[in-house]
Ligand SMILES: C[C@H](O)[C@H](O)[C@@H](O)C(=O)CO
Ligand SMILES: [Mn+2]
């Protein structure tokens, strides 16, 4: 039997088995095919960007590892992304940070414009990839003391407000060019290492700065603004201005998209449980699917219980049209293309698993108070032949199934990545 007929036989058996519990596999695959994950550019170069100012990563962000082959310029990053996309089934978006513009000469953050992202817009059009965007409030002298939009100095606040306004215009131009709204996500590192004497004033300043950034009304068919909270960072252990409560209130009152990053809460707190609550009050969510190990360490996403729970919540609540799935992890200790492939494939696998649940039956059992059967069926679901469906999906999407993608990355590593000369120094940069 050839490997492709073995795969089809396994798939046919799996379809029968899912059918026997009332699950339509073809319908699940059709829904999965429509989901575009926003793949983050910063896994490819350890959040360095292309400003080339010599500024080190800061503001509580830290990348560890020294694996060779980091992308050093836009061409290399695009080539690495193309390799990763070719190994991920479906058609996916790219999430760019503002520091990834193409600058011939130094351009201040408050002066960046769409011209610096034209190369990305054209590349994306050629690839059939849609873009999302983020202002970059880190790795800059005006962020070195840990404050940006909530800075006590109005001159520094103005600088960062101008950056936010510039980024919204860039995001709108991207959205217009691609005929799909560009999600523009605002995350700022502002906070104190030690106990503040005044928790209120910085929060008032942050709210005011955001209001000034969002004063210009934008076309929702071109760009959407999202806001991302954080519990703590390196250097902001005691107090983060943009806490969950801050942004929850901000998003509700200003009708913004709320971003939930899986690493930005207490270690035992999960974002899967926040989806149904927050969606009662905000129009849409952006997720930063990530994996914290003991802290917001941004490890590559694995098939964890929480990843499965996130996807189950999205499917069980019928939220696929209100939740934007983005990724946020960066690991410089392994092949970076593989990091993208592993994390994105896992995200899609978990979503497919959720789509293959007998949702109606589980919810009916719950309504009837039959919690024994609910638990039993949830557990039985874990040994259903999910792998055969996933492999078939990959094969029919024209990407390698199972472990077969690994040799494509190994070839790329030996022919391309290993020829990149710069060895990236082991970095543990902190704010
Ligand atoms: C690059 C960052 O990870 C990103 O902008 C932000 O989403 C974050 O999660 C900061 O901790
Ligand atoms: Mn994030």
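Taken together, the values in this text are just the output of simple stated rules run on the coordinates, not laboratory data. The structure displayed is predicted, hence computed values, not measured ones. Neighbour counts are summed over all protein chains in view; Cβ atoms, including those assigned to glycine, are modelled from backbone coordinates with ideal geometry.
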Quiz item: When only residues in segment 191-201 that are closer than 18 Å to residue 235 by Cβ and part of a loop (DSSP other than H, G, I, E, B) count, which is nearest to ligand 1 (Cβ to nearest atom)?
Solution: 193
Practice problem: Tell me, please, whether a residue that is within 16 Å of ligand 1 (Cβ to nearest atom), outside any helix (DSSP H, G or I), over 18 Å from the mean Cα position of the chain (by Cα) and within 19 Å of residue 286 (Cα to Cα) can be found in segment 240-254. | Solution: yes
Quiz item: Could you count how many residues in segment 31-46 are surrounded by fewer than 22 Cβ atoms within 10 Å (Cβ to Cβ) and touching a strand residue (DSSP E or B) at 6+ places or on another chain (Cβ under 8 Å)?
Solution: 2
Quiz item: So is residue 293 within 16 Å of ligand 1 (Cβ to nearest atom) and surrounded by fewer than 17 Cβ atoms within 10 Å (Cβ to Cβ) or not?
Solution: yes
Practice problem: Please find, among 341, 241, 323, the residue that is farther than 24 Å from residue 91 by Cβ, more than 14 Å from ligand 2 (Cβ to nearest atom) and touching a helix residue (DSSP H, G or I) at 6+ places or on another chain (Cβ under 8 Å). | Solution: 241
Practice problem: Have a look at 49, 60 and point out the one that is buried (at least 17 other Cβ atoms within 10 Å of the Cβ) and more than 26 Å from residue 130 (Cα to Cα). | Solution: 60
Quiz prompt | Long-range neighbours under 6 Å by Cβ, at least six apart or interchain, first residue in contact (Cβ under 8 Å) with a residue 60 or more places away in the chain within segment 325-348, second within 15 Å of ligand 2 (Cβ to nearest atom) and part of a helix (DSSP H, G or I) | solution = 327/343; 329/343; 330/42; 330/43; 336/43; 339/43; 340/43
Exercise. Sort out which residues of segment 142-190 are assigned to a loop (DSSP other than H, G, I, E, B), in contact with a helix residue (DSSP H, G or I) (Cβ under 8 Å, 6 or more places away or on another chain) and buried (at least 21 other Cβ atoms within 10 Å of the Cβ), and write them in order of number.
Key: 147, 148, 149, 150, 151, 181, 188, 189, 190
Exercise. Give segment 1-52 a look and list any residue that's closer than 30 Å to residue 103 by Cα and either part of a loop (DSSP other than H, G, I, E, B) or free of Cβ contacts under 8 Å to residues at least 24 places away in the same chain (or both), or say none.
Key: 36, 37, 45, 46, 47, 48, 49, 50, 51, 52
Self-check item: Qualifying helices (runs of 4 or more DSSP H) (wholly inside segment 320-405; at least 1 residues being in contact with a strand residue (DSSP E or B) (Cβ under 8 Å, 6 or more places away or on another chain))
Solution: 336-355
Exercise. Output the residues belonging to segment 172-212 that are more than 16 Å from ligand 2 (Cβ to nearest atom), touching a strand residue (DSSP E or B) at 6+ places or on another chain (Cβ under 8 Å) and within 21 Å of residue 131 (Cα to Cα).
Key: 172, 174, 175, 178, 181, 182
Quiz prompt | Single unsatisfied condition, residue 263 versus (1) surrounded by 14 or more Cβ atoms within 10 Å (Cβ to Cβ); (2) more than 15 Å from ligand 1 (Cβ to nearest atom); (3) part of a loop (DSSP other than H, G, I, E, B) | solution = (2)
Exercise. Show the residue pairs that are 6+ apart or on different chains and have beta-carbon atoms under 7 Å apart, the first residue being within segment 277-299 and free of Cβ contacts under 8 Å to residues at least 24 places away in the same chain, the second being more than 9 Å from ligand 2 (Cβ to nearest atom).
Key: 293/299
Practice problem: Could you look through segment 230-239, keep only residues that are at negative phi and outside any strand (DSSP E or B), and pick out the one that is farthest from ligand 1 (Cβ to nearest atom)? | Solution: 238
Exercise. Confirm whether residue 283 is assigned to a loop (DSSP other than H, G, I, E, B) and more than 16 Å from ligand 1 (Cβ to nearest atom).
Key: yes
Quiz item: Looking at this structure, is residue 374 farther than 30 Å from residue 87 by Cα and in contact with a helix residue (DSSP H, G or I) (Cβ under 6 Å, 6 or more places away or on another chain)?
Solution: yes
Self-check item: Residue under evaluation residue 274, criteria (1) within 16 Å of ligand 2 (Cβ to nearest atom); (2) assigned to a loop (DSSP other than H, G, I, E, B), criterion not met
Solution: (2)
Practice problem: Report, by residue number, each residue of segment 100-128 that is surrounded by fewer than 21 Cβ atoms within 10 Å (Cβ to Cβ) and not in a helix (DSSP H, G or I). | Solution: 102, 103, 104, 105, 106, 107, 108, 113, 128
Self-check item: Conditions (1) in contact (Cβ under 8 Å) with a residue 40 or more places away in the chain; (2) under 25 Å from residue 144 (Cα atoms); (3) under 19 Å from the mean Cα position of the chain (by Cα); number of the one not met by residue 234
Solution: (3)
Quiz item: What single numbered condition from (1) touching a helix residue (DSSP H, G or I) at 6+ places or on another chain (Cβ under 6 Å); (2) over 22 Å from residue 305 (Cβ atoms); (3) buried (at least 19 other Cβ atoms within 10 Å of the Cβ) fails to hold for residue 233?
Solution: (1)
